[in-house]
1. Taking the conditions exactly as written (touching a Lys or Arg at 6+ places or on another chain (Cβ under 9 Å) and not in a helix (DSSP H, G or I)), does Leu63 satisfy them or not?
2. Being part of a helix (DSSP H, G or I) and without any contact (Cβ under 8 Å) to a residue 40 or more places away in the chain is the filter here; which residues of the stretch 209-219 pass it?
3. For the stretch 221-234, which positions are in contact (Cβ under 8 Å) with a residue 12 or more places away in the chain and either closer than 17 Å to Val107 by Cα or over 17 Å from the mean Cα position of the chain (by Cα) (or both)?
4. Tell me yes or no: at least one residue of the stretch 26-36 is of a type in the set (A, V, I, L, M), surrounded by 14 or more Cβ atoms within 10 Å (Cβ to Cβ) and modelled with pLDDT under 90.
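The values are calculated or read from the model by the stated rules, or taken from the named source; none is laboratory data. Predicted model, so just to flag it, every value in this text is computed and none were measured. As a convention, Cβ positions derive from the backbone with ideal geometry for all residues, glycine included, and neighbour counts pool all protein chains shown.
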Amino acid sequence: MRWVSFRKVCAGLFLLFALPVPAQTLHLVTEEWPGLINNTPQGPDGVLWEISRDVIESMGYDLTLEFVPWKRAQRLVLTNERDGIIGIGLTAKRETMFRFPGGALLVSETAVYTTQERAFQYEDLDSLKGMRVGVSPGYTYSSEIKAAIHFEHVNMPSIDSGLQMLLLGRIDAMLANRYVAGIQAERLGVADRIKASEKPVSGGPVYLAFSPETSGEFLEAFSSALERYKNAED
């Protein structure tokens, strides 16, 4: 009887360890950034989501994404209630708060958009002197742009509305993320009527940053997986 029981225990253990181990799920947060990361009825999409998803899944993890206001997204990650935040820039202060991997998801640039008919070349902020310039109230611009008084800041509710204002002559130029504005212009069918400055107004790397409790081993593994992903895309 003891031998039979022992065999049953061994068989049970074998079956237990033979079963596939469920993948660990990482719970990420962000705020919608149209064109870069979108909250759609079919689920998240956009280049920031695609990179994050593909890299994390290549590491053997599942992941979920929750869209919340930006301040709340940061708080949830800082308090370790969520595992990471997509689309955050690196600053000296944030580097002490979050765990940043070795590489960025992509480099985000703010460009000056004008109509094709307008003879304009952006060199620096002085180039915008006397112009009516569309800006998004919810977008974070550099301190130099915020402080500039030599051009008029005109609020545009969205990138779409800014493009329409530009084409209708209600503004002379607009400041927008190069990737986002380009995608929206194509969607509206006006890409051939606008142009972006070759020189960016500002820009910087955008990261998937992790909670304070994230291990160094995980960060190293993520950085390596991200580098492999980028090399495969080249």
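1. Details: touching a Lys or Arg at 6+ places or on another chain (Cβ under 9 Å): yes; not in a helix (DSSP H, G or I): yes.
In short, yes.
2. To start, the set of residues in the stretch 209-219 that are part of a helix (DSSP H, G or I) comprises 216-219.
If the condition is that a residue be part of a helix (DSSP H, G or I) and without any contact (Cβ under 8 Å) to a residue 40 or more places away in the chain, then Gly216, Glu217, Phe218 are the ones that fit.
3. So the first thing to find is which residues in the stretch 221-234 are in contact (Cβ under 8 Å) with a residue 12 or more places away in the chain, and the list is 221-223, 225-230.
The answer is Ala221, Ser223, Ala225, Leu226, Glu227, Arg228, Tyr229, Lys230.
4. In the first step, residues of the stretch 26-36 are kept if they are of a type in the set (A, V, I, L, M); the result is 26, 28-29, 36.
If we keep only those that are surrounded by 14 or more Cβ atoms within 10 Å (Cβ to Cβ) as well, we get 26, 28-29, 36.
Imposing the further condition that a residue be modelled with pLDDT under 90 reduces the set to 36.
There is at least one residue in the stretch 26-36 that is of a type in the set (A, V, I, L, M), surrounded by 14 or more Cβ atoms within 10 Å (Cβ to Cβ) and modelled with pLDDT under 90.
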